Amino acid sequence: MLQALTPEISGVIDEILQDLLVRAEADAVYLCDHAGNIVARQTCSGYRNEDNIAALAAGAFSATHELARLIGQPQFDYVFHRGGNLSVYMQRGPLGVILMVVFGTVSNPGLVRVYAEEAVRELKPLLARMDDQAGTRGSLAGVEMELDEHAEIFRRRGGDG
């Protein structure tokens with residue numbers, strides 16, 4: 001468990017993400033840090049490579065941040081990738097966290113954005129409290145994270161184990 005992520009805060013974050021998952025009719029919702037570490041998740045789809053998905057999303061958001069800088073824009077607040085069957089919406093949150101919503105064709109992209117913005121507003125005071133408890137200002141640098149020992153990070157191709 002996160003050093004500053006108390007069971008109480010974790011429970012409230014899970015409720016916010018669950019509400020977003022349901023309202024947006026999404027397949028999955030992830031809250032990850034700027035490095036792609038998953039802080040919290042709610043999903044109704046069994047994505048096998050969640051850690052890789054979060055890391056790549058953080059990388060895409062970082063690349064977009066650099067693109068904004070190069071064209072003279074301070075930052076882009078959100079990134080939207082639309083696919084034939086699934087789409088991804090990512091929004092910057094406080095303290096450098098990224099809220100990512102994976103959703104299908106039944107979801108309305110505009111509503112996904114509205115609901116994600118509401119979730120970020122709800123998360124802001126919780127993350128500020130985490131930041132205060134970690135004893136840092138402006139980042140989650142003081143927060144200790146642990147690897148989920150049950151997660152499959154690496155796997156051989158062809159089902160060899």
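Quick one: which residue in 106, 101 is surrounded by 13 or more Cβ atoms within 10 Å (Cβ to Cβ) and aliphatic (A, V, I, L, M)? Working first, answer last.
Details: 106 fails: surrounded by 13 or more Cβ atoms within 10 Å (Cβ to Cβ).
So the residue among 106, 101 that is surrounded by 13 or more Cβ atoms within 10 Å (Cβ to Cβ) and aliphatic (A, V, I, L, M) is 101.
Applying a threshold of 9 Å to beta carbon distances and a minimum spacing of six or more residues, or different chains, the list of pairs starting in segment 107-119 at a residue that is without any contact (Cβ under 8 Å) to a residue 60 or more places away in the chain and ending at one that is surrounded by fewer than 20 Cβ atoms within 10 Å (Cβ to Cβ) and among the aromatic types (Phe, Trp, Tyr) reads 109/80; 113/78; 113/80; 117/78. Going through segment 18-41 one residue at a time, which ones are among the polar types (S, T, N, Q) and either closer than 17 Å to residue 113 by Cβ or modelled with pLDDT under 95 (or both)? Residue satisfying the conditions is 37 alone.
Restrict the check to segment 57-68 and report whether at least one residue is touching a helix residue (DSSP H, G or I) at 6+ places or on another chain (Cβ under 7 Å) and of a type in the set (Val, Ile, Thr). Quick ask: steps written out before the conclusion?
At the first step, the residues of segment 57-68 found to be touching a helix residue (DSSP H, G or I) at 6+ places or on another chain (Cβ under 7 Å) are none.
Looking through segment 57-68, none of the residues is touching a helix residue (DSSP H, G or I) at 6+ places or on another chain (Cβ under 7 Å) and of a type in the set (Val, Ile, Thr).
Of the residues making up segment 68-97, those that are among the hydrophobic types (A, V, I, L, M, F, W, C), surrounded by 13 or more Cβ atoms within 10 Å (Cβ to Cβ) and either at pLDDT 90 or above or at positive phi (or both) are 68, 79, 80, 86, 88, 90, 95, 97.
The values are calculated or read from the model by the stated rules, or taken from the named source; none is laboratory data. Note that the structure is predicted; figures quoted are calculated from it, not measured. In this analysis, Cβ positions are derived from the backbone assuming ideal geometry, glycine residues included, and neighbour counts consider all displayed protein chains.
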